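The values are calculated or read from the model by the stated rules, or taken from the named source; none is laboratory data. None of these values were measured; they are calculated from a predicted model. Don't worry about glycine lacking a Cβ; one is built from the backbone with ideal geometry, like all the others, and counts go over all protein chains shown. To get the accessible areas, we keep the full protein, side chains included, count just its heavy atoms, and leave off ligands, DNA and RNA. Shrake-Rupley method; radii C 1.70, N 1.55, O 1.52, S 1.80 Å.
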Amino acid sequence: MQINYILLGQRIRAIRTKKGISQMELAERVNRSAAYMSYVETAYKFCSLDTLVRVANALNVSTDDLLVDSLTNTIKVSNHEFADILADCSDYELRVLLDMVKAAKQALREYKHLLRSSRS
């Protein structure tokens, strides 16, 4: 699978803005120009592996977090996302979410045959 640079740029922008980091600040952290970072975020230019690692470090995320849309094996990324989602949950919220996941898993397995029959 090839890297989807449009989704990579969108993910960089989303994480950057979620963390309250301006494009100029990110550019300074990775030793690039703000214009270059804008080009990367809009997929007008493709960043090098070195720049990708710098961006990940500057945003305090893994490169997997940035490349998740281009990876075929995303189990580790999903686990990381789940951990982030659950990090600020109360014990009550964790219990409810666990029960919901168990029920969803059971339903997915129970009704899996419907997926196969709908493709026919």
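You will find that of ARG54, ARG16, the residue that is touching a residue at least 24 places away in the same chain (Cβ under 8 Å), surrounded by 11 or more Cβ atoms within 10 Å (Cβ to Cβ), assigned to a helix (DSSP H, G or I) and in contact with a helix residue (DSSP H, G or I) (Cβ under 6 Å, 6 or more places away or on another chain) is ARG16 and no other.
Checking every residue in region 66-76 against the condition of being in contact with a Lys or Arg (Cβ under 6 Å, 6 or more places away or on another chain) and either of a type in the set (D, E, K, R) or surrounded by 14 or more Cβ atoms within 10 Å (Cβ to Cβ) (or both) gives at least one match. Whenever a residue of region 21-44 is more than 17 Å from ASN57 (Cβ to Cβ) and of a type outside the set (A, V, I, L, M, F, W, C), its partners that are open to solvent by 50 Å² or more (accessible area, probe 1.4 Å) and at pLDDT below 95, lying with C-beta atoms within less than 6 angstrom and at least six residues away or across chains, give the pairs TYR39/LYS45. In the set (1) assigned to a helix (DSSP H, G or I); (2) open to solvent by less than 90 Å² (accessible area, probe 1.4 Å), the condition left unmet by CYS89 is number (1).
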